[in-house]
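Following: one structure in structure tokens, then a few remarks.
Just so it is clear, none of the values below were taken in a lab; they were calculated from the coordinates. Just so it is clear, the model here is predicted, and its values are computed rather than measured. Neighbour counts are summed over all protein chains in view; Cβ atoms, including those assigned to glycine, are modelled from backbone coordinates with ideal geometry.
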């Protein structure tokens, strides 16, 4: 399958986000792909926009089935969430469970005025009433397939598809 | 050898002692604790991981700090917590340990945190409980106090991240100290190249060198150029018979003063597991001085215990 160029999608996201920026906007990337994207979006949108990362491991709904992820990164929200407009960035939007967990975690930092969900790719298959306001592209995939964002040594993004179609 | 702490997949099921745990598991606990340290600084200091689980602290021996930090750790994971000071309850009416445990299991306890004056008490309970129940040793006799050992190495790693380059001195009553044993195992497993113990002969176990430490009987030689000074409490309540002339005499030889601390590296940190005997093993000016990380140790104790509890709870076999 031909996959779209992740770098082009990133530029497209930046363009779509720009009109939404307000004085209280902050970028939050979901670990790890979303955090990489948010890190790259920040200079495109404005260096003064606060940047945070979330590792949603403590908020997953499958903890009792699969346990704790062996490699957890600390979440880092270096701004006041209370009353802010958060652009929540993920690489691949699928079941919606990650976005659900990320929103729960954000609320433990404060009450945001608004959360806008942004995803590089929407692959369908939603199991939660979750909708991304901005998506780079939409690709229909089989549940057996796994799509994720990869970053090479030079920091360049690429979409990687694994698993049988 | 069959390690009772690990399940058949090599995952941590109980935390009974640091001895016998692979480096990867220690590192996983410390890395996870990093994330929990951040949770404790938030507006809402809670995550929903252990929601619906019941944690029972059974303390057959008193400990305010350890019990409180375990309690807070469980609460910050959203678990329901009950703490029993068994010394003051059924045990004094003659109930056995296992009867106490079975009663709590009948109340659907999911995790036990156990402190007991008898070495091996937590192992004993771990062998008794079903596969879906986890046991954490919160100190058993002279044997082990794994979460204290872990929080100590977590504290060291926070201040001195280059663990493979450190010289650490453990000072005081090693003989009666479960903390010292756990610290030594944690430090050597994590690759700290030089661990020293400094104590009079009467307060050292006979085979202490076998733990991979260098033995000193003199503070002046032992503290020279160390990066970390870990003081131990003089275990008055475990001291039967005259191992020491007097507390004053002990302070003179082995008490940590500013003058003795000056022999360590200038940026050395001072640690103490608490509770401190000021003026016996540590001078107040050192305990409250700028090299002391004794209170951060307490703070990190919660994050480390949250990490242990959540890793154990996550390794539950499906019933």
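Here the spin labels are modelled as points 7 Å beyond Cα on the Cα-Cβ line, and at residue A:133 and residue A:114 they lie 0.5 nm apart. Between the helical axis of B:97-106 and the dominant principal axis of chain B, each derived from Cα atoms, what acute angle in degrees is found, rounded to the nearest 10? Its long axis makes an angle of about 50 degrees.
Divide by every residue of chain B the summed helix terms, -39500 (n - 2.57) for each DSSP H run of at least 4, and state the resulting mean residue ellipticity at 222 nm, rounded to the nearest 500 deg cm²/dmol.
On the way: 11 runs with 115 residues, N = 319.
Result for chain B: -10500 deg cm²/dmol, rounded to the nearest 500.
Rounded, prolate or oblate: which one fits the stretch A:48-89, using the alpha carbon gyration tensor with axes a ≥ b ≥ c (rounded when a/c is under 1.5, else prolate when a/b beats b/c, else oblate)?
On the way: a/c = 3.37, a/b = 2.30, b/c = 1.46.
Verdict is prolate for the stretch A:48-89.
Quick one: grab the alpha carbon gyration tensor of chain A, order the square roots of its eigenvalues as a ≥ b ≥ c, and give me rounded if a/c is under 1.5, else prolate or oblate depending on whether a/b is larger than b/c. Oblate, because a/c is 1.5 or more while a/b does not exceed b/c.
On a 0 to 90 degree scale, rounded to 10, what angle separates helix B:178-189 from the longest Cα axis of chain B? It is inclined by approximately 90 degrees. Divide the volume of the convex hull around the Cα atoms of chain B by the residue count and you get 134 Å³ per residue. Work out the FRET efficiency for residue B:41 and residue A:71 from their Cβ-Cβ distance, taking R0 = 25 Å, and round it to the nearest 0.05. Calculated transfer efficiency: 0.75.
Rounded to the nearest 0.05, what FRET efficiency do residue B:54 and residue A:148 have when you use their Cβ-Cβ distance and R0 = 45 Å? Walk me through the numbers on the way to the answer.
Values: r = 37 Å, r/R0 = 0.83.
That gives a FRET efficiency of 0.75.
The long axis of helix B:294-314 is offset from the longest Cα principal axis of chain B by roughly 30 degrees. Of all beta bridges DSSP finds with both residues in the protein assembly as shown, what is the antiparallel percent, to the nearest 5? Bridges in the protein assembly as shown that DSSP calls antiparallel: roughly 15 percent. Cα centroid separation, the stretch B:141-205 to the stretch A:34-100: 37 Å. Taking 0.36 nm per residue of sequence separation and removing the Cα-Cα distance, the residue B:128/residue B:27 pair yields an extension gain of 33.5 nm.
For the protein assembly as shown, the extents of the C-alpha atoms along the principal axes are 78, 54, 42 Å, listed from largest to smallest.
Looking at chain B, send over the antiparallel percent of its DSSP beta bridges, to the nearest 5.
Details: 2 of 37 bridges.
The answer is about 5 percent antiparallel.
Rounded if a/c is under 1.5, else prolate if a/b beats b/c, else oblate: with a ≥ b ≥ c from the C-alpha gyration tensor eigenvalues square-rooted, which is the stretch B:170-305? Taking the square roots of the gyration eigenvalues as a ≥ b ≥ c, the stretch B:170-305 is rounded. Computed per residue of chain A from DSSP H runs no shorter than four, each worth -39500 (n - 2.57), the mean residue ellipticity at 222 nm is -7000 deg cm²/dmol. Per-residue shielding of B:299-310, expressed as the average number of other chain Cβ atoms within 10 Å of the residue Cβ, stands at 1.
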